[in-house]
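A short reminder: the numbers here are calculations on the coordinates, not readings from a lab. Model, not experiment: these values are computed from the prediction. Glycine also receives a Cβ, built like all others from the backbone with ideal geometry; neighbour counts cover every protein chain displayed.
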Amino acid sequence: MTHAEILSTNGFTEVDLTGGSLAVRSPIDGATVAHVHETTAGDMGTVIARSQEAFRAWRTVPAPRRGELVRLLGEELRAAKDDLGALVTLEAGKITSEGLGEVQEMIDICDFAVGLSRQLYGLNIASERPGHRMMESWHPMGPVGVISAFNFPVAVWSWNTALALVCGNPVIWKPSEKTPLTAMACQKILARALARFGNAPEGLHQLVIGGPDVGEALVSSKDVPIISATGSTRMGSVVGPKVAARWGRPILELGGNNAMIVAPSADLDMAVRAIVFSAVGTAGQRCTSLRRLIVHDSIRETLVEQLKAAYASLPIGDPRQEGTLIGPLVDEAARDRMQAQLNKARTEGGTVHGGESVTDGVPGGAYVRPALVEMPEQTETVREETFAPILYVLGYETLDDAIALQNDVPQGLSSCIFTLNLLEAETFLSAAGSDCGIANVNIGPSGAEIGGAFGGEKETGGGRESGSDAWKGYMRRQTNTINYSAELPLAQGVKFDI
Ligand code: NAD
């Protein structure tokens, strides 16, 4: 399909796509496909006030009824899957299967959140006082500001929004300035669900378009109690302290520097498949992309040779074409950053295989051959996240050394080990093992399912989204003590007779 056809099947009109100040370009060929209107910083006061008003109504709607809206959203997403997936490909450059996979993830989280809408459980707690009962209640918090990155332009919104809505909160979404069209398409899809739902408050979900200054208005407003921000560690280092300074709740999902340890007992064929998908999938532009391979010295040479062979045959090019596995980087600047990091790695003693620009891809796009870089040690360059398909290879002698190397980076998102040795696998998962939010065995670090809580430690920000009990991050906990006796005993036996 052409760009125009994809935009049209997603319901875009001339008015949506023209006359605005924000140019949107497709990574596929660099073509400018729209000029969309930006929200001004001056508009943000009205947006936030509308969200507060929606909150006052939405918080009193029973949670299972709120779940019904998310169920309808899931239905609308099912119907729109092919169109929205194609738009993700157009705007973020993902291959077709990954664009569709991203929409499937949205459907999955909707299903999860619908069930959750009947399971926002609090505890009953034993009281030390006779005739007393204690319990915990979970209440809505207020507007959730969602700031998202370009590389998961729609899934991250759905993780936050499906949960926020069932938890009784309105949402204000500021997508990446590189991907406003997918966000506008989601807003249209949600509008269809809202129309079927019937009586949701206006302003329950609002989309604001623009760059960091628009995000900043959310970040600094006391009327937006939760800020869920996904993006670079640089962005999180600005946003996190600002939200904390005004006593808001930040949910930070920042950069990763994810590693795989390959032990001598590993099934190497399986490891190679996992490595290639994790390192080059989405052209290395996933927060969970594999960036460091820590291989036992006894198998290092063999594995590197197998990887070089696998890398040589990878189809790179137009992400819309069947068979392509590596699409473009998001833009030229990303390609320049990749080249600069490869040059730095060379000066640090690295041997680079691949990494060149691919000139026979679609003209106008930033296509690259993924790079394998053999490093003598874990240098400064290796310790940084470069958002491109660069895989650094390091050797190790003992598992303790491997785990120490893996943990010795500022980020703490995803990690994994390939081993058939139970003791090694359990050590890796133990308190003395991986320090990441995600730790896997015999599976790569990327491609998480929505059932688990997603997020990481250290400079990854500590936030958790998606499954498990991540919903608690979107609600406030209230401890209740109820006295059903005719006495008024004090806790800890304190006497205070009047
Ligand atoms: P980015 O940090 O450049 O931008 C992310 C978002 O933050 C954008 O919407 C941007 O406008 C906004 N922003 C930037 N500065 C801001 C400020 N001062 N105040 C308010 N908003 C601000 O990131 P990117 O290039 O779009 O995405 C790539 C990065 O995102 C990588 O580091 C990747 O690892 C990370 N990421 C993390 C996760 C995760 O779940 N941990 C998921 C996806 C991407």
- Which of Glu75, Glu356 comes first, and how do the rest follow, when ranked by fewest Cβ neighbours within 10 Å? Glu356, Glu75
- What are the semi-axes of the equivalent ellipsoid of the chain, taken as the square roots of 5 times the eigenvalues of the Cα gyration tensor, listed largest first and rounded to whole Å? 40, 32, 19
- Item | Neighbourhood net charge (9 Å Cβ-Cβ; Lys/Arg +1, Asp/Glu -1) for Thr233 | -1
- Query: Hey, what D do you get for the range 282-428 in µm²/s if you plug the Kirkwood alpha-carbon radius into Stokes-Einstein at 10 °C and 1.306 mPa s?
  - Reply: 98
- Amide H within-cut-off set for Asn440, under 5 Å, with H built and near neighbours excluded: Ser415, Cys416, Ile417
- Task: Kindly put Arg59, Arg246, Arg292, Arg464 in sequence by how many other C-beta atoms sit within 10 Å of each C-beta, fewest to most.
- Result: Arg246, Arg59, Arg464, Arg292
- Query: Could you put Val409, Val103 in order, starting from the residue whose Cβ has the fewest other Cβ atoms within 10 Å?
  - Reply: Val409, Val103
- Query: To the nearest 10 degrees, how steeply does helix 268-280 sit against the main Cα axis of the chain, on a 0 to 90 scale?
  - Reply: 70
- Query: Any idea how many Lys pairs in the chain come in under 19 angstrom at the alpha carbon, given 8 or more places apart or on separate chains?
  - Reply: 9
- How far is helix 44-58 tilted off the main Cα axis of the chain, in degrees rounded to 10, range 0 to 90? 60
- Task: In nm, give the distance between the simple-model label positions of Met1 and Val441, each being 7 Å from the Cα along the Cα-to-Cβ direction.
- Result: 4.3
- Task: Provide the gained length on full extension for the span Ser127 to Leu488, in nm with one decimal, where the gain is 0.36 nm per separating residue minus the Cα-Cα distance.
- Result: 128.6 nm
